[in-house]
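Asks: One structure is given below, represented as structure tokens, and several questions about it will come after.
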Amino acid sequence: MIRVGIIGVGNIASMLVQSIEFYKSSSQKPEGLIHTKIGGYEISDINVVYAIDVSKYKVGRDLRDAIFAKPNLVPKMVELPETGVVVRMGRVLDGVAEHMREDFPISDLRQPTLDELVDEVRSYSIDVLVNLLPVGSREASRFYAEVAAKAGAAFVNAIPEFIASDPQYSLLFEKYESLVLGDDIKGQIGATAVHRALASLITMRGGKVAESYQLNVGGNTDFKNMLDLQRLYSKKISKTMAVATTQPDPSTAAEKIFAGPSGYIPFLRNTKVSYIYIKALGFMNLPVVIDLKLTVDDKAMAAAVLVDVVRIAKVLRSRGIYGGPAWASGFYFKHPPKPAKSDEEALAILYKKLDELKIPIEPKRIPEWMLRND
Ligand SMILES: NC(=O)c1ccc[n+]([C@@H]2O[C@H](COP(=O)([O-])OP(=O)(O)OC[C@H]3O[C@@H](n4cnc5c(N)ncnc54)[C@H](O)[C@@H]3O)[C@@H](O)[C@H]2O)c1
């Protein structure tokens, strides 16, 4: 069993909790998962046993109800048993933007100190703590990362704050015999994964990306929160560099790449629409233009990756792999400590390392012969 704690009971949390129950059903084939088994763990081994929020709509409620409290809008897709997990009060810090106070009204309950939360996380024997705070939660993310480290829990940083990619945090987690993975979830078949795949295809075929943009619109609180441009600083870097790092000279490529959230359209709800434009230069420097529209369920894209990452975090921690193992983050995050040139490369790195550690993962998504060194 993997004991997971969630920080921020928003739409991803709702999708994550429901997806675990969805795949538990015996009639449901394990289709749509990136990996069915990691280190012997299936998705049904994941148990969300602890959750923190600061909203008065969510704190104090059973997780089963809190995931449907407003302004969450992931629909009810499965019947959930009562979880007995009551959402705990967290520390607000910079988690709630001024324009989000109506959506995330702060509970009157006392905010715990860092030491109190460390004790709490320890007392729940949490294996993995997942950071699902709103974009721009710089201080709050660092606060909870410290809580995880000091409690000896692994920390999965799903949001665009640079924590796993900051060597100081690797050292902190190493000191407390735990680990950190991140930063910023790269959705299963989301805009970044598709944009990267096209950009690396262009390079592989001898061309280069001359200019590109990725415009994203959606209708959930994640998009509403990002209307405050000041909260977007790290998100823009994370999304831009995710594409630029597929190119031979990432910093020059980044000057001609724009990738970021571009609009909040409430009626879209959880549907995210991305418009990707790439102008590449190919043979004889002649242009090749790609214009693409991608439509996805924003939160399913994130939860699909989380169910892999929490299992990896659990297995590595129990095998004594501490700090910030960069090889474990490359495939799953937009801004990992060491980005690979393509997702195939990132996946090959992950598989080879897991193989060295004798940690099974199945099914393998790239051919075995690509993983041999001979
Ligand atoms: N495809 C994706 O959905 C995707 C991909 C990559 C990254 N992310 C990031 O994941 C994060 C979570 O996304 P979401 O859609 O679930 O967000 P959300 O807006 O639905 O939920 C955020 C939750 O955090 C709570 N919160 C705010 N401040 C807090 C604090 N200080 N302590 C505890 N809880 C606090 C809010 O009350 C809310 O319940 C966002 O930063 C998002 O950008 C999402």
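The values are calculated or read from the model by the stated rules, or taken from the named source; none is laboratory data. None of the values given here were measured: they were computed from a predicted structure. Neighbour counts run over all protein chains shown; Cβ positions are idealised from the backbone, glycine included.
Asks: Give the residues of region 57-76 that are assigned to a loop (DSSP other than H, G, I, E, B) and either outside the structural domain of Tyr23 (by TED's automatic domain parsing) or not β-branched (Val, Ile, Thr) (or both), sorted by residue number.
Replies: Tyr57, Lys58, Gly60, Arg61, Phe68, Ala69, Lys70, Pro71, Asn72, Leu73, Pro75, Lys76
Asks: How many residues are free of Cβ contacts under 8 Å to residues at least 12 places away in the same chain and out of contact with any helix residue (DSSP H, G or I) (no Cβ under 7 Å at 6 or more places or on another chain) when one looks only at region 1-40?
Replies: Qualifying residue count, region 1-40: 4.
Asks: From the list Ile185, Ile265, Ile189, which one is over 17 Å from the mean Cα position of the chain (by Cα) and hydrophobic (A, V, I, L, M, F, W, C)?
Replies: Ile265
Asks: So which residues in region 38-48 are under 18 Å from Met15 (Cβ atoms), more than 16 Å from the ligand (Cβ to nearest atom) and assigned to a strand (DSSP E or B)?
Replies: Correct list: Ile46, Asn47.
Asks: Output the number of residues of region 295-343 satisfying the condition of being part of a helix (DSSP H, G or I) and within 15 Å of the ligand (Cβ to nearest atom).
Replies: Here the count works out to 13.
Asks: Among the numbered criteria (1) more than 15 Å from the ligand (Cβ to nearest atom); (2) in contact with a strand residue (DSSP E or B) (Cβ under 6 Å, 6 or more places away or on another chain), which single criterion is violated by Ser262?
Replies: (1) is the only condition that Ser262 fails.
Asks: From the residues in region 232-277 that are free of Cβ contacts under 8 Å to residues at least 40 places away in the same chain and of a type in the set (A, V, I, L, M), which one is nearest to Val74 (Cα to Cα)?
Replies: Ala244
Asks: Another question, then. With the structure loaded, tell me whether Ser200 is hydroxyl-bearing (Ser, Thr, Tyr) and buried (at least 19 other Cβ atoms within 10 Å of the Cβ) or whether it fails that test.
Replies: yes
Asks: So, in region 71-125, how many residues would count as being small (Gly, Ala, Ser) and under 14 Å from Ala51 (Cα atoms)?
Replies: So the answer is 4.
Asks: Next up: Give Gly8, Gly40 a once-over and let me know the one that is out of contact with any Lys or Arg (no Cβ under 8 Å at 6 or more places or on another chain), surrounded by fewer than 21 Cβ atoms within 10 Å (Cβ to Cβ) and among the small types (Gly, Ala, Ser).
Replies: Being out of contact with any Lys or Arg (no Cβ under 8 Å at 6 or more places or on another chain), surrounded by fewer than 21 Cβ atoms within 10 Å (Cβ to Cβ) and among the small types (Gly, Ala, Ser) holds for just one of Gly8, Gly40, which is Gly40.
Here is a yes/no grid of residues against (1) among the aliphatic types (A, V, I, L, M); (2) under 24 Å from the mean Cα position of the chain (by Cα); (3) farther than 22 Å from Ala158 by Cβ; (4) within 13 Å of the ligand (Cβ to nearest atom):
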{"residue": "Ala51", "(1), (2), (3), (4)": "yes, yes, no, yes"}
{"residue": "Ser55", "(1), (2), (3), (4)": "no, yes, no, yes"}
{"residue": "Asn72", "(1), (2), (3), (4)": "no, yes, no, yes"}
{"residue": "Pro81", "(1), (2), (3), (4)": "no, no, yes, no"}
{"residue": "Val87", "(1), (2), (3), (4)": "yes, yes, no, yes"}
{"residue": "Arg110", "(1), (2), (3), (4)": "no, no, yes, no"}
{"residue": "Tyr124", "(1), (2), (3), (4)": "no, yes, no, no"}
{"residue": "Leu132", "(1), (2), (3), (4)": "yes, yes, no, yes"}
{"residue": "Glu139", "(1), (2), (3), (4)": "no, yes, no, yes"}
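Asks: If you don't mind, there's one more thing I want to ask. Restricting the first residue to region 148-165 and requiring it to be among the acidic types (Asp, Glu), which pairs with a second residue that is surrounded by fewer than 24 Cβ atoms within 10 Å (Cβ to Cβ) and modelled with pLDDT under 95 meet a Cβ separation below 9 Å and a spacing of at least six or different chains?
Replies: From region 148-165, the pairs are Glu161/Ser234.
Asks: Within region 21-35, count every residue that is part of a loop (DSSP other than H, G, I, E, B), more than 16 Å from the ligand (Cβ to nearest atom) and surrounded by fewer than 17 Cβ atoms within 10 Å (Cβ to Cβ).
Replies: The qualifying residues number 7.
Asks: Considering only region 79-116, state which residues are β-branched (Val, Ile, Thr) and at pLDDT 95 or above.
Replies: The answer is Val85, Val86, Val87, Val92, Val96, Ile106, Thr113.
Asks: To continue, here is another question. Name the single residue, out of those in region 77-116 being in a helix (DSSP H, G or I) and touching a residue at least 40 places away in the same chain (Cβ under 8 Å), that is surrounded by the fewest Cβ atoms within 10 Å (Cβ to Cβ).
Replies: Among residues in region 77-116 that are in a helix (DSSP H, G or I) and touching a residue at least 40 places away in the same chain (Cβ under 8 Å), the one surrounded by the fewest Cβ atoms within 10 Å (Cβ to Cβ) is Glu98.
Asks: Just wondering, is there one or more residues in region 344-353 that are more than 18 Å from the chain's Cα centre (by Cα), part of a helix (DSSP H, G or I) and more than 22 Å from Gly187 (Cβ to Cβ)?
Replies: yes
Asks: Of everything in region 354-374 that's touching a strand residue (DSSP E or B) at 6+ places or on another chain (Cβ under 9 Å) and not in a helix (DSSP H, G or I), which residue is farthest from Lys175 (Cα to Cα)?
Replies: So the residue we want is Pro363.
Asks: Looking at Val130, is it under 30 Å from Phe258 (Cβ atoms), assigned to a strand (DSSP E or B) and either of a type in the set (Phe, Trp, Tyr) or outside the structural domain of Ala242 (by TED's automatic domain parsing) (or both)?
Replies: Yes: the conditions hold for Val130.
Asks: Quick one: in region 57-70, which of the residues that are over 26 Å from Ile312 (Cβ atoms) and crowded, with 23+ Cβ neighbours inside 10 Å is farthest from the ligand (Cβ to nearest atom)?
Replies: So, considering only residues that are over 26 Å from Ile312 (Cβ atoms) and crowded, with 23+ Cβ neighbours inside 10 Å, the one farthest from the ligand (Cβ to nearest atom) is Ala66.
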